[in-house]
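Below is one structure; the comments refer to it alone.
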Amino acid sequence: MGSNAQSICRCSSLLFIFLSSTIFFILGLVVLAGSIAIAVTVVKELFPTVLWGGGIGAGVVILLFALTGYLGMCRKEKKKWLIFFLIFNLIVFFLTLAICISLFFAESAIKDASDANFVNLTTFEKTAANPLKDGVKNVWDGCDAEVLPVVNETDMYVFSCSKSGFSVLENLVNDNCLDDPFSVPFPHNSSYVECYGSEWWKPEFPYSNATATINTAKGTLCACEDTWVDFILKYLLPGKYVSIGVTLFFFFTFLGCSYLCCFGQKHIENPDSQLKGYIARP
């Protein structure tokens with residue numbers, strides 16, 4: 001019974017190490033190939049040398065650690081390969097664990113920041129909300145957006161992109177955020193005024209000018225605050241549970257490496273000693 005349990009533990013450990021090594025090997029190849037592709041083409045003019053140079057170095061290092069995993073599997077009598085791979089895997093485990101914990105706290109922080117209209121944010125709420133700000137700015141610049149008054153309509157505005165391919169975004173903003181009149185002057189306690197006037201993202205115009213403020217990336221975020229936050233959280237939710245799975249995978253890989261380092265040699269030797277004892281019987 002004990003021998004069967006040892007065999008199961010050993011096979012499970014080898015499986016996790018093989019899968020982990022293969023993931024690192026593929027990741028290393030992708031990083032190395034992508035960095036080399038940037039270095040040998042005109043695209044390198046768009047990226048700093050440290051980026052693609054560091055990518056080449058990182059790809060090589062990841063490949064080398066993947067190799068230690070394979071060597072640890074095939075040369076089980078030499079623990080040094082497994083120890084190298086165990087250390088690298090432990091680092092990756094702590095990184096994925098930190099990301100996993102951050103995602104759970106980020107969801108709560110973004111909700112709290114939105115509820116406060118992005119006013120008087122804590123340091124962590126600012127950190128969690130900054131990707132939302134960057135995302136809105138990138139979308140605004142990427143689609144060359146404008147929010148302009150609707151002709152012959154009082155206090156009505158329409159969001160449009162000068163570049164094609166953003167019809168889904170246009171419909172999302174117009175149907176969920178700009179379907180009601182957007183008037184001036186604002187009540188001073190309105191959520192839009194609080195959001196637009198917050199120092200978390202420096203406003204470009206006085207909040208009393210609706211036409212000017214809403215025709216900015218921050219104005220669009222404040223007018224569509226719930227829509228943007230829901231959009232971000234929709235993708236954050238599966239990311240949390242994927243991070244849990246990835247963290248557990250590297251944790252079990254670490255346990256597998258530890259088991260083989262501590263008991264692998266004993267398991268290899270035991271069958272031989274048992275076989276010798278069996279042959280020596282009269």
- Segment L15-K234, extension gain: residue separation times 0.36 nm, minus the distance between their alpha carbons: 75.5 nm
- Pairwise label distance in nanometres, D155 with K80, each label 7 Å out on the Cα-Cβ vector: 7.7 nm
- Projecting the Cα atoms of Y196, A212, L121 onto the charge dipole of region 109-234, where Lys and Arg contribute +1 and Asp and Glu -1 at Cβ, the residue farthest towards the positive end is L121
- Order of L103, L255 under a 10 Å beta carbon neighbour criterion, fewest first: L255, L103
- Message: I need Y196, Y235 ordered by Cβ neighbour count within 10 Å, fewest first.
- Response: Y235, Y196
- Note down the nm distance, to one decimal, between modelled labels 7 Å out along Cα→Cβ at S102 and at I8. 3.8 nm
- Query: Arranged by the count of other C-beta atoms within 10 angstrom, fewest first, what order do F105, F231 take?
  - Reply: F105, F231
- Query: To the nearest 0.05, how large is the calculated FRET efficiency for T41 and L64 if R₀ is 41 Å and r is the Cβ-Cβ distance?
  - Reply: 0.95
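Just so you know, all these numbers are worked out from the coordinates, no wet-lab data involved. Treat the numbers as computed from the prediction; the structure is a model and nothing was measured. So basically every Cβ, Gly included, is an ideal-geometry build from the backbone, and we count neighbours across all protein chains shown.
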